[in-house]
Amino acid sequence: MTETAGGRDTEEVSRFVEHFAAQLVEAGVPRMPARVFAALLASDTGMLTSVQLAEQLRISPAAVSGAVRYLAQVRLVSREREPGSRRERYRVHSDQWYEAITNREAIIKQWQNALRDGVAALGADTPAGRRLAETLAFFEFTAGELEAMMERWRVHRQQLFDN
């Protein structure tokens, strides 16, 4: 058994990282971003440098860079400069899921606008137009439900973790 600074078994931590990353891959997240995200999530500080990630995951700095670029785009991680250094470190925040879902909400609004244009172009009375209208109705419904759910989450999170 090899221990981390926190007294954890590094092999056990590695197994968790790879297992959780595999679950993210099953859900559609690309493999390297999934591994980097899981490694950040499993670190006590929620923050690692490119060198640390490359070493822990046994991947190249280029693979870390590409993974972080993807994760930053979907708002699961942020980049920060180390104080007094040119090196960047990457951070996962406690509200990363909230941020990711909020980001998706903006994308869904764009899809809604495109679907409205599609319904108008195809005609609401055509089979394709009806299919687009139903898809639009689904996204409108879920957007309203998501907004209400996120408000309930903020209250629930505060009760659980801000005491």
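Here are a few things to note about the model shown:
- If you go through the stretch 128-163 and keep only what is of a type in the set (F, W, Y) and surrounded by 10 or more Cβ atoms within 10 Å (Cβ to Cβ), you end up with F138, F139, F141, W153.
- Pairing each residue of the stretch 31-57 that is surrounded by fewer than 18 Cβ atoms within 10 Å (Cβ to Cβ) with any residue that is β-branched (V, I, T) and not in a helix (DSSP H, G or I), provided the two are 6+ apart or on different chains, yields C-beta distances under 8 Å for L41/V92; G46/V92; M47/V92.
- Residue tally, condition touching a Ser or Thr at 6+ places or on another chain (Cβ under 9 Å) and among the β-branched types (V, I, T), over the stretch 62-89: 2
- Residues that are touching a helix residue (DSSP H, G or I) at 6+ places or on another chain (Cβ under 7 Å) and at pLDDT 80 or above within the stretch 94-108 comprise just one, I108.
- Top-ranked residue in the stretch 94-127 [being under 18 Å from V77 (Cα atoms) and open to solvent by 90 Å² or more (accessible area, probe 1.4 Å); ranked as farthest from the chain's Cα centre (by Cα)]: S94
The values are calculated or read from the model by the stated rules, or taken from the named source; none is laboratory data. Please read all numbers here as calculations on a predicted model, not as lab measurements. In this analysis, Cβ positions are derived from the backbone assuming ideal geometry, glycine residues included, and neighbour counts consider all displayed protein chains. Surface areas here come from the heavy atoms of the whole protein model, side chains and all, with no ligands, DNA or RNA. Shrake-Rupley method; radii C 1.70, N 1.55, O 1.52, S 1.80 Å.
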